[in-house]
Amino acid sequence: MKSTEKWGVDVETAVELALKDLKIERDDAEIEVLEESSSGFLGIGSKLAKVRVSVKESQDAAESTTGKATFDDIDAILAGLPENTSQQLPEEVRADYDKFEAEETADAEAAEAAQAKAKSKSRERKRERGGRNRKKYNVSIEDTQLEEVKKTEAVQDHIVEGFLRGVAEQMGIDLDFEVKANENLVYVEITGTDTGTIIGKRGSTLDAVQCLASYVVNKDSDHYIRVVLDAENYRSKREKTLINLANRLAGKVERGGRPVTLEPMNPYERKVIHCTLQAHPAVKTRSEGKDPYRKVVIESKNA
């Protein structure tokens, strides 16, 4: 008989996914629970539920279909992850956000100091303002990231590799992982046929898995270790997109004088915007709101 196997955060979610895949109602199905779900601390050590749902029919048995997880499956699984719920995280697991927030504040203070120092040269800047001057504030922090990665070394059988392989297996996707690390950074390059799935819309899936990987790495560490996951050079491409966006919107603010508010971004992406425009002669940036809805505002210095 026709059947399918599905994973889910719990048995009910897995059953619903299977019924949707087979396009049948529950009364027309035979349900077999293959694996029960279990929850760990903040998602660490948690286990998904797995079910086999078959169509009730009298005809000869048809070939079973047990393909890869669909995007709907992944969305349903991600919806049950701790960082996508209203659960209040302990302060010790917010180190990633706190670190970037501290850097964001330091960047803002440095920008203010640079602006004060530059007041005496404002007339010269006005004369030099133009296409050539714009290149001076088109600053990228990609070089800094690359330098950090260069200081790491390849590591075999790292704890984060085992965790990520387990995630890939549970999601039913084909991925491979190359881990490089030092005492302060763990960098993971993800390759394989399903990198698009692990990246997700605007990197949302990649960020969610990176957050969980950070919990795993820092759980028993006596100091904070930064964890960065990348696939198909997504981080660099996303950064370049944000840099271009920042410069384009800065030009709009400069011409029209009205502030522009960007969509909510994570701390790292906000930092890219701030760093890109920190030396801009006509606009300034600030952040407002609280995570995960904190966003960057670009406004005129004359406002």
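The values are calculated or read from the model by the stated rules, or taken from the named source; none is laboratory data. All values derive from a computational prediction rather than experimental measurement. Here Cβ is always computed from backbone atoms with ideal geometry, including for glycine, and neighbour counts include all displayed protein chains.
Confirm whether Glu269 is of a type in the set (Asp, Glu), modelled with pLDDT of 90 or more and assigned to a helix (DSSP H, G or I).
Answer is no for this residue.
May I ask you to list pairs of residues, at least six apart or on different chains, whose Cβ atoms are under 9 Å apart, with the first in the stretch 157-186 being assigned by TED's automatic domain parsing to the domain that holds Gly8 and at positive phi and the second being crowded, with 18+ Cβ neighbours inside 10 Å and assigned to a loop (DSSP other than H, G, I, E, B)?
Close Cβ pairs satisfying both conditions: none exist.
Quick check, is Ala181 of a type in the set (Gly, Ala, Ser), surrounded by 15 or more Cβ atoms within 10 Å (Cβ to Cβ) and within 19 Å of the chain's Cα centre (by Cα)?
Against the criterion (of a type in the set (Gly, Ala, Ser), surrounded by 15 or more Cβ atoms within 10 Å (Cβ to Cβ) and within 19 Å of the chain's Cα centre (by Cα)), Ala181 does not qualify.
Answer yes or no as to whether Arg238 is within 30 Å of Asp176 (Cα to Cα) and part of a helix (DSSP H, G or I).
Against the criterion (within 30 Å of Asp176 (Cα to Cα) and part of a helix (DSSP H, G or I)), Arg238 qualifies.
Could you grab me the full set of residues in the stretch 167-197 that are assigned to a loop (DSSP other than H, G, I, E, B), within 28 Å of Tyr224 (Cα to Cα) and modelled with pLDDT of 90 or more?
Residues satisfying the conditions are Leu175, Asn182.
Kindly provide the set of residues from the stretch 38-64 that are out of contact with any Phe, Trp or Tyr (no Cβ under 6 Å at 6 or more places or on another chain) and modelled with pLDDT of 85 or more, ordered by number.
Val51, Arg52, Val53, Ser54, Val55
With Gly172, Gly200 as the choices, which residue is in contact with a Lys or Arg (Cβ under 9 Å, 6 or more places away or on another chain) and surrounded by 15 or more Cβ atoms within 10 Å (Cβ to Cβ)?
Gly172
Can you pull out the residues in the stretch 272-303 that are assigned to a loop (DSSP other than H, G, I, E, B) and buried (at least 17 other Cβ atoms within 10 Å of the Cβ)?
Of everything in the stretch 272-303, those that are assigned to a loop (DSSP other than H, G, I, E, B) and buried (at least 17 other Cβ atoms within 10 Å of the Cβ) turn out to be Gln278, His280, Pro281, Ala282, Arg294.
What are the pairs, 6+ residues apart or on separate chains, where a residue within the stretch 210-233 that is within 13 Å of Asn182 (Cα to Cα) has its Cβ under 6 Å from a residue that is crowded, with 19+ Cβ neighbours inside 10 Å and of a type in the set (Ser, Thr, Tyr)?
Every condition considered, the pairs that remain are Val227/Ser214; Val228/Tyr187.
Would you confirm whether any residue within the stretch 21-37 is among the hydrophobic types (A, V, I, L, M, F, W, C) and at pLDDT below 85?
yes
Every residue, every condition in (1) farther than 28 Å from Val160 by Cα; (2) touching an Asp or Glu at 6+ places or on another chain (Cβ under 6 Å); (3) not hydrophobic (A, V, I, L, M, F, W, C), yes or no:
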position	(1), (2), (3)
Glu183	no, no, yes
Val209	no, no, no
Asp220	no, no, yes
Lys237	no, no, yes
Arg255	yes, no, yes
His274	yes, yes, yes
His280	yes, no, yes
Arg286	yes, no, yes
Val296	yes, no, no
